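Every read-out reported here was derived from the displayed coordinates using simple, explicitly stated rules and does not represent laboratory data. Source: prediction; values computed, not measured. Counting neighbours? That spans all protein chains shown, and the Cβs are built from the backbone with ideal geometry, glycine included.
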Amino acid sequence: MTQAVVHPHAKVKRATKSSWVGLAVIVVLLLVAPAVPYLVDKGTQGSLVTLFSLIVMATMWNLLAGYGGMLSVGQQAYIGIGAYALVYIADTVGIDPFMAVPIAVVIAGLISFPISFLAFRLTGGYFAIGTWVIAVVVMEIVQQVPALGGGIGVTFNGFSDLTPGRRIAYVYWLSLVGVALAVAVTYWIMRSRLGLGFTAIRDDATAAASLGVRVTRSKRFVFVVAAMGCGLAGAMIAANTLRVQPDSIFSVNYAVFMIFIVVIGGIGTIEGPIVGAVVFFALQQWLSDLGAWYLVILGLLAIVITLFLPRGLWGLLSGNGRIRLFPVGYRLVPPVAILDVTHEPAPATSEG
């Protein structure tokens, strides 16, 4: 008689078929994307740099709020710090602008570290408003520094020895590396033990602490990483526009953009901010001529998605998480029934 034996151990996996397909698509895109400057004009390249900066900003805000549970409205502080640091290091200190970008990113992270001790004294809505106030204070400090142009801003001259075509191509390649690095770092963090701790902190910080998660240290780590990412986005913006003004680079509009992108794309996923950034960028291009109606349409879209698609556009496209291009969690594969090929003789029957 053949018996069915169930394997006692279920398998735990991260990757899915969709994630392998997604990996293949990403590899193809990364191989093709560097050739874009040879295929499109300078205006299109500049627009793509803007899109890349939106993806970086949204990815960092999602890391901070979607995974870390910290709802910040002041990440524009580090966007401005990254932009001004790049201009100062390249123009005043004289360091090559491409070498100055990672330095500007580190400076944004270093400044965010002591700021975190102040911000973490606040929670909930007070934390959100507090980060906004901090961003305003940083802007006011920058406006008092003559070397940074005061209130009128500064012009970025670091690329003056390059032709316009070569400059925008180099900035495009720099931004391509930046957006790939931002997504890759976020993916790596969320696949690590730190990422698991972030998720626990977001759900319930007290319960996470009782399980041994170092809540404050973990939150400070993600706070600094998000600041560095926003500093990178600021450097990308400065290199693309060649002009940095405090009112624009420290504008709260950047915080609004980040929140809007993550909400419509899907908070708490890596794919969501990318999808949301693409949709937001497309809406900017199509609706910017409508004036105030542009903002009205964006607001209505955010309301509709929040009410009817709580997981965002990526939740809809992925079938509520069945498709995962960047799997950061685990999934349990049910144990498979295995047929025992041993044939046992049938029990003897008595004859009478």
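When each of the peptides 198-209, 50-61, 253-264 is scored by the mean number of other C-beta atoms lying within 10 Å of its residues, the order from highest to lowest reads 50-61, 253-264, 198-209. Computed from Cα atoms, the angle from the helix 17-32 axis to the main principal axis of the chain rounds to 30 degrees. Under Stokes-Einstein, with the Kirkwood radius over Cα pairs as Rh, the value for the chain at 20 °C and 1.002 mPa s is 96 µm²/s. For the peptides 91-100, 231-240, the ranking by mean Cβ contacts within 10 Å, running from highest to lowest, is 231-240, 91-100. Taking amide H atoms as placed 1.01 Å from N in the peptide plane, the amide H of residue 243 lies under 5 Å from those of 156, each 5 or more residues away in sequence or on another chain.
The packing ranking of peptides 75-82, 308-315, 16-23, highest mean first, is 75-82, 308-315, 16-23, where packing means the average number of other beta carbon atoms within 10 angstrom of each residue. What is the helix-to-structure angle for 215-241, meaning the angle in degrees between its Cα long axis and the longest Cα principal axis of the chain, kept from 0 to 90 and rounded to the nearest 10? The helix 215-241 is inclined about 50 degrees to the chain.
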